Amino acid sequence: VQQASTLVPGVDFEVRAPRYFFYIPQLTECKYLIALDTAAALNKAHDKLKTLDERMLAMHRVNIRIDLLILLAVVCQKQGRHPEALEHLASALALAEPGQWIRSFLDTGRLIVPLLHRLADNGSQQGFIQKILQAFSSAPAEQGLFSQPARIPETLRSSMHHHLTKREREILPLLAKGLSNK
(Lines give C-alpha, C1' and ligand atoms only; values in the text may rest on other atoms or scores of the structure.)
Protein backbone atom coordinates (compact mmCIF):
# COMPACT_ATOMS: atom_id res chain seq x y z
CA VAL A 1 0.00 0.00 0.00
CA GLN A 2 2.83 2.37 0.84
CA GLN A 3 4.48 1.91 -2.55
CA ALA A 4 1.13 2.10 -4.34
CA SER A 5 0.33 5.40 -2.61
CA THR A 6 3.20 7.02 -4.51
CA LEU A 7 2.20 5.49 -7.86
CA VAL A 8 -1.61 5.51 -7.99
CA PRO A 9 -2.29 9.25 -7.63
CA GLY A 10 -0.45 9.99 -10.89
CA VAL A 11 -2.42 7.53 -13.02
CA ASP A 12 -5.71 8.28 -14.76
CA PHE A 13 -7.28 4.83 -14.67
CA GLU A 14 -10.38 5.95 -16.54
CA VAL A 15 -8.58 6.61 -19.84
CA ARG A 16 -6.91 3.20 -20.02
CA ALA A 17 -8.76 0.72 -22.18
CA PRO A 18 -9.73 -2.39 -20.22
CA ARG A 19 -8.30 -5.67 -21.44
CA TYR A 20 -11.38 -7.49 -20.30
CA PHE A 21 -9.89 -10.91 -19.77
CA PHE A 22 -6.52 -9.91 -18.34
CA TYR A 23 -6.37 -6.56 -16.60
CA ILE A 24 -8.92 -3.93 -15.75
CA PRO A 25 -7.05 -0.77 -14.72
CA GLN A 26 -10.11 0.71 -13.02
CA LEU A 27 -10.07 -2.22 -10.57
CA THR A 28 -6.48 -1.46 -9.62
CA GLU A 29 -7.45 1.92 -8.25
CA CYS A 30 -10.41 0.42 -6.39
CA LYS A 31 -8.22 -2.29 -4.84
CA TYR A 32 -5.78 0.39 -3.76
CA LEU A 33 -8.58 2.42 -2.15
CA ILE A 34 -9.84 -0.69 -0.34
CA ALA A 35 -6.33 -1.42 0.93
CA LEU A 36 -6.09 2.15 2.30
CA ASP A 37 -9.06 1.24 4.50
CA THR A 38 -10.13 4.77 5.37
CA ALA A 39 -13.75 5.92 5.36
CA ALA A 40 -13.13 8.35 2.48
CA ALA A 41 -11.21 5.77 0.43
CA LEU A 42 -13.89 3.11 0.98
CA ASN A 43 -16.64 5.53 -0.05
CA LYS A 44 -14.73 6.42 -3.20
CA ALA A 45 -14.08 2.74 -3.98
CA HIS A 46 -17.77 1.96 -3.45
CA ASP A 47 -18.87 4.70 -5.84
CA LYS A 48 -16.35 3.70 -8.51
CA LEU A 49 -17.24 0.01 -8.22
CA LYS A 50 -20.98 0.73 -8.49
CA THR A 51 -20.47 2.90 -11.58
CA LEU A 52 -18.22 0.31 -13.21
CA ASP A 53 -20.68 -2.46 -12.35
CA GLU A 54 -23.48 -0.59 -14.12
CA ARG A 55 -21.29 -0.24 -17.21
CA MET A 56 -20.31 -3.91 -17.18
CA LEU A 57 -23.93 -4.96 -16.67
CA ALA A 58 -24.89 -3.01 -19.79
CA MET A 59 -22.06 -4.71 -21.70
CA HIS A 60 -22.87 -8.18 -20.33
CA ARG A 61 -19.32 -8.62 -18.96
CA VAL A 62 -20.09 -11.34 -16.43
CA ASN A 63 -16.48 -12.16 -15.63
CA ILE A 64 -15.72 -8.57 -14.64
CA ARG A 65 -18.99 -8.21 -12.73
CA ILE A 66 -18.00 -11.18 -10.57
CA ASP A 67 -14.83 -9.37 -9.50
CA LEU A 68 -16.70 -6.09 -9.03
CA LEU A 69 -19.39 -7.63 -6.87
CA ILE A 70 -16.83 -9.43 -4.70
CA LEU A 71 -14.97 -6.16 -4.20
CA LEU A 72 -18.25 -4.38 -3.42
CA ALA A 73 -18.93 -7.04 -0.80
CA VAL A 74 -15.50 -6.39 0.74
CA VAL A 75 -16.09 -2.62 0.77
CA CYS A 76 -19.54 -2.96 2.35
CA GLN A 77 -18.20 -5.41 4.93
CA LYS A 78 -15.45 -2.96 5.89
CA GLN A 79 -18.03 -0.16 6.11
CA GLY A 80 -20.23 -2.22 8.43
CA ARG A 81 -23.00 -2.57 5.83
CA HIS A 82 -23.31 -6.33 6.30
CA PRO A 83 -26.67 -6.98 4.58
CA GLU A 84 -25.46 -5.13 1.48
CA ALA A 85 -22.16 -7.04 1.59
CA LEU A 86 -24.03 -10.34 1.67
CA GLU A 87 -26.28 -9.21 -1.18
CA HIS A 88 -23.29 -8.33 -3.40
CA LEU A 89 -21.56 -11.59 -2.56
CA ALA A 90 -24.70 -13.62 -3.29
CA SER A 91 -24.96 -11.89 -6.68
CA ALA A 92 -21.31 -12.68 -7.41
CA LEU A 93 -21.87 -16.32 -6.46
CA ALA A 94 -24.96 -16.54 -8.69
CA LEU A 95 -22.94 -15.26 -11.65
CA ALA A 96 -19.89 -17.40 -10.86
CA GLU A 97 -21.57 -20.73 -10.13
CA PRO A 98 -22.61 -21.73 -13.69
CA GLY A 99 -19.01 -21.39 -14.91
CA GLN A 100 -17.48 -22.52 -11.60
CA TRP A 101 -15.48 -19.26 -11.35
CA ILE A 102 -13.62 -19.87 -8.09
CA ARG A 103 -10.39 -17.99 -8.81
CA SER A 104 -11.97 -14.54 -8.36
CA PHE A 105 -12.90 -15.39 -4.78
CA LEU A 106 -9.45 -16.78 -4.00
CA ASP A 107 -7.73 -13.75 -5.49
CA THR A 108 -9.64 -11.47 -3.14
CA GLY A 109 -8.17 -13.29 -0.16
CA ARG A 110 -9.41 -14.69 3.11
CA LEU A 111 -11.21 -11.46 3.95
CA ILE A 112 -14.17 -12.88 2.03
CA VAL A 113 -14.28 -16.19 3.95
CA PRO A 114 -16.44 -14.99 6.88
CA LEU A 115 -18.99 -13.63 4.41
CA LEU A 116 -19.04 -16.94 2.56
CA HIS A 117 -19.70 -18.76 5.85
CA ARG A 118 -22.54 -16.37 6.67
CA LEU A 119 -24.17 -16.97 3.30
CA ALA A 120 -23.74 -20.74 3.68
CA ASP A 121 -25.34 -20.55 7.13
CA ASN A 122 -28.33 -18.79 5.52
CA GLY A 123 -28.70 -21.73 3.15
CA SER A 124 -27.63 -19.83 0.04
CA GLN A 125 -25.66 -21.62 -2.69
CA GLN A 126 -24.15 -24.03 -0.17
CA GLY A 127 -22.66 -26.45 -2.70
CA PHE A 128 -20.74 -23.80 -4.62
CA ILE A 129 -19.68 -21.99 -1.44
CA GLN A 130 -18.27 -25.27 -0.10
CA LYS A 131 -16.18 -25.63 -3.28
CA ILE A 132 -14.79 -22.14 -2.79
CA LEU A 133 -14.07 -22.76 0.90
CA GLN A 134 -12.39 -26.03 0.01
CA ALA A 135 -10.21 -24.17 -2.49
CA PHE A 136 -9.28 -21.71 0.27
CA SER A 137 -8.32 -24.58 2.58
CA SER A 138 -5.87 -25.93 0.00
CA ALA A 139 -4.49 -22.48 -0.95
CA PRO A 140 -1.42 -21.00 0.73
CA ALA A 141 -2.35 -19.10 3.89
CA GLU A 142 -1.03 -15.76 2.64
CA GLN A 143 -2.74 -15.84 -0.76
CA GLY A 144 -5.01 -13.05 -1.90
CA LEU A 145 -5.33 -9.43 -2.78
CA PHE A 146 -5.35 -8.10 0.76
CA SER A 147 -2.65 -10.45 2.08
CA GLN A 148 1.03 -9.87 2.45
CA PRO A 149 3.13 -11.53 -0.25
CA ALA A 150 4.67 -14.80 0.76
CA ARG A 151 8.24 -14.51 2.01
CA ILE A 152 10.89 -16.92 0.81
CA PRO A 153 12.87 -18.23 3.78
CA GLU A 154 16.51 -17.08 3.77
CA THR A 155 17.81 -20.66 3.68
CA LEU A 156 15.78 -21.39 0.55
CA ARG A 157 16.70 -18.07 -1.03
CA SER A 158 20.42 -18.70 -0.61
CA SER A 159 20.16 -22.25 -1.96
CA MET A 160 18.23 -20.96 -5.00
CA HIS A 161 20.97 -18.40 -5.60
CA HIS A 162 23.55 -21.17 -6.10
CA HIS A 163 21.45 -22.85 -8.80
CA LEU A 164 21.39 -19.77 -11.02
CA THR A 165 24.07 -18.92 -13.52
CA LYS A 166 25.95 -15.63 -13.18
CA ARG A 167 23.94 -14.17 -16.08
CA GLU A 168 20.63 -15.34 -14.56
CA ARG A 169 21.58 -13.60 -11.31
CA GLU A 170 22.26 -10.39 -13.31
CA ILE A 171 18.96 -10.59 -15.24
CA LEU A 172 16.65 -11.56 -12.38
CA PRO A 173 16.65 -8.13 -10.66
CA LEU A 174 16.00 -6.47 -14.04
CA LEU A 175 12.98 -8.69 -14.62
CA ALA A 176 11.74 -7.90 -11.12
CA LYS A 177 11.84 -4.21 -12.08
CA GLY A 178 9.52 -4.97 -14.98
CA LEU A 179 12.00 -4.58 -17.80
CA SER A 180 11.40 -6.44 -21.04
CA ASN A 181 13.20 -9.62 -22.05
CA LYS A 182 15.47 -7.58 -24.32
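The values are calculated or read from the model by the stated rules, or taken from the named source; none is laboratory data. Just so we're clear, the structure is a prediction, and the values are computed from it rather than from any experiment. Glycine also receives a Cβ, built like all others from the backbone with ideal geometry; neighbour counts cover every protein chain displayed. Surface accessibility is based on the protein's heavy atoms, side chains included, excluding ligands, DNA and RNA. Shrake-Rupley method; radii C 1.70, N 1.55, O 1.52, S 1.80 Å.
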> What number of residues within the range 94-117 are open to solvent by 60 Å² or more (accessible area, probe 1.4 Å), closer than 10 Å to F128 by Cβ and in contact (Cβ under 8 Å) with a residue 24 or more places away in the chain?
Replying inline: 3
> Can you tell me which of A120, A135 is under 18 Å from E87 (Cα atoms) and of a type in the set (A, V, I, L, M, F, W, C)?
Replying inline: A120
>> For the range 40-81, give me each residue that is open to solvent by less than 20 Å² (accessible area, probe 1.4 Å) and β-branched (V, I, T).
In response: I64, I66, I70, V74, V75
> Given (1) in a helix (DSSP H, G or I); (2) surrounded by fewer than 18 Cβ atoms within 10 Å (Cβ to Cβ), where does S91 come up short, assuming only one miss?
Replying inline: (2)
> Could you say which residue among K177, K182, K166 is modelled with pLDDT of 75 or more, among the basic types (K, R) and either within 30 Å of W101 (Cβ to Cβ) or open to solvent by 90 Å² or more (accessible area, probe 1.4 Å) (or both)?
Replying inline: K166
